[in-house]
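One structure is given here, and the rest of the page talks about it.
The values are calculated or read from the model by the stated rules, or taken from the named source; none is laboratory data. Since we're looking at a predicted model, the values are computed, not measured. Cβ atoms come from the backbone with ideal geometry, glycine included; neighbour counts cover every protein chain shown. To get the accessible areas, we keep the full protein, side chains included, count just its heavy atoms, and leave off ligands, DNA and RNA. Shrake-Rupley method; radii C 1.70, N 1.55, O 1.52, S 1.80 Å.
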Amino acid sequence: IRADVCYLYQTRATTKACIKKKASARDVTDFCQVNNDNVNVENSAAPVQIRDVTERSAGTNEVQLTFVVENVGSGRVYPKNTFSSECVRKDDKEDRLEIEVRTGSGRHNVKCSQLGNSNKGEIRLSTDKQKQIRCRISTSTAPENAVEEPINIIVNYFYRDAISTPITIEDSEN
């Protein structure tokens, strides 16, 4: 017996970016370091996860945050408006999902190249079920000394998976 299931899902990930007005300048009084190849990220329990977060200075008043969106489950992702009454495969919408990246305070502008230089939009995962995203965060309104700013990454999608179990039918006359 096999059942196809489709359910609306949301992944919420939180990380921190090191923000300072002059992102390329270093100071011994800075609380954190802008250039970091191993930024910690925490994800909600979900089949789509955010991983491999890095941060770099991207000029005087910008930092670049890079991360990977990955489908770690056995199913497929679809945009959140794909299914209404039936759960059938839709090749043209497969491996697409909606993503939004915003700062915790809302004071810093976020632009992601894969989202049309916006902070939200739709992406398509590659054949290996992942996609790298690069976002630039404006630090022009940040303080002079480096501080950690929470970054929220919200991913909305339908998840389509199959559940199956073998059954044995025996002749009832035996």
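Here are the numbers:
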item	result
Members of region 79-111 that are open to solvent by less than 70 Å² (accessible area, probe 1.4 Å) and either closer than 16 Å to T66 by Cβ or of a type in the set (V, I, T) (or both)	T82, V88, I99, V101, T103, V110
Residue identified as under 18 Å from V110 (Cα atoms) and β-branched (V, I, T) among T82, T60	T60
Residue within region 31-38 that is surrounded by fewer than 17 Cβ atoms within 10 Å (Cβ to Cβ), within 22 Å of R160 (Cβ to Cβ) and touching a residue at least 40 places away in the same chain (Cβ under 8 Å) present	no
Evaluation of Q114 against (1) over 14 Å from L65 (Cβ atoms); (2) buried (at least 16 other Cβ atoms within 10 Å of the Cβ); (3) among the polar types (S, T, N, Q) (one fails), failing number	(1)
Some residue of region 59-71 being under 21 Å from A13 (Cβ atoms) and surrounded by fewer than 18 Cβ atoms within 10 Å (Cβ to Cβ)	yes
Residue match in region 10-18 (condition: open to solvent by 50 Å² or more (accessible area, probe 1.4 Å), over 20 Å from R134 (Cα atoms) and assigned to a strand (DSSP E or B))	yes
Residue check, R136 in contact with a strand residue (DSSP E or B) (Cβ under 7 Å, 6 or more places away or on another chain), closer than 28 Å to L8 by Cβ and surrounded by 14 or more Cβ atoms within 10 Å (Cβ to Cβ)	no
Selected residue [in contact with a Gly (Cβ under 6 Å, 6 or more places away or on another chain) and either of a type in the set (A, V, I, L, M, F, W, C) or on the phi > 0 side of the Ramachandran plot (or both)] from L115, L125	L115
All strands (runs of 3 or more DSSP E) inside region 60-152 with 3 or more residues being aliphatic (A, V, I, L, M) and closer than 26 Å to Q33 by Cβ	62-71
